[in-house]
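The structure appears right after this line, and notes come after that.
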Amino acid sequence: MILGYARTSTTEQVAGLEAQERDLRAAGVERVFGEQTSSVGSRPKLEAALDYLRDADVLVVTKIDRLARSVADLCAIVGRVERKGASLRILAMNLDTGTPTGRLMLNVIGSVAQFEREMMLERQREGIAKAKREGRYKGRAPTARAKSAEVHRLAAEGMTREAIAAQLKIGVASVYRVLRASELPSVAELSGGNDIARITGGGQTASNS
């Protein structure tokens, strides 16, 4: 069976979705899964299409950006499609993973993306090394634990946990953790207190005897 997936962002007109569906139907798609969702929103119709796939089925999309949010996302989707024994076809690229040429094109896309990422990381390492040599590298921003004194000061002034988090630019949960840690004695402290009590008690017993 030939399935199709169409997507537009929530800010685009319905006409864009209808145009994709029209192109998919023209390509022989028998069932279309269409949805309007942003590039970062959930994609329930895509999940439904992937779940519906069976052996020898084909999933068709008009453009690569209608399907995947990144090369990594594309590779993950293709992996799911292939595990179902199906294939992916992208009309605008004339790419069909059911053919040797299509698989080669997909591998090239993945390789180029991996190369770009490695080059980006290399430039980042070089930049950090240069900044360290020039004394300009500050490292990571202070964590919530490093700001614990400020958290306690603001809490003592009566600020809410949410206000403290906003002012110090840390998570609300981190504020709660910092304050909770100061309220509970540690195991070591408890153990130490018991030891002192035993020693003191023992000393009194000895002196009384």
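The values are calculated or read from the model by the stated rules, or taken from the named source; none is laboratory data. Since we're looking at a predicted model, the values are computed, not measured. Positions of Cβ are backbone-derived with ideal geometry, glycine not excepted, and every protein chain shown enters the neighbour counts.
Just a yes or no: is a residue in segment 76-88 within 23 Å of THR10 (Cβ to Cβ), in contact (Cβ under 8 Å) with a residue 12 or more places away in the chain and assigned to a loop (DSSP other than H, G, I, E, B)? Checking segment 76-88: not a single residue is within 23 Å of THR10 (Cβ to Cβ), in contact (Cβ under 8 Å) with a residue 12 or more places away in the chain and assigned to a loop (DSSP other than H, G, I, E, B). For segment 54-70, the set of residues classified as at pLDDT 95 or above and either crowded, with 21+ Cβ neighbours inside 10 Å or not assigned by TED's automatic domain parsing to the domain that holds MET93 (or both) consists of VAL58, LEU59, VAL60, VAL61, THR62, listed by residue number. Taking the criterion of being free of Cβ contacts under 8 Å to residues at least 12 places away in the same chain and either in contact with a Lys or Arg (Cβ under 6 Å, 6 or more places away or on another chain) or aliphatic (A, V, I, L, M) (or both), the only residue of segment 97-106 that qualifies is LEU104.
Residues are listed down the side, and each one gets a yes or a no for (1) touching a Gly at 6+ places or on another chain (Cβ under 8 Å); (2) modelled with pLDDT of 95 or more; (3) not in a loop (DSSP other than H, G, I, E, B):
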| position | (1), (2), (3) |
| --- | --- |
| ALA15 | no, no, yes |
| ASP23 | no, yes, yes |
| VAL32 | yes, yes, yes |
| GLU35 | no, no, yes |
| LEU46 | no, yes, yes |
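Could you list, in sequence order, all residues of segment 81-104 that are among the basic types (Lys, Arg) and buried (at least 16 other Cβ atoms within 10 Å of the Cβ)? Correct list: LYS84, ARG89, ARG103.
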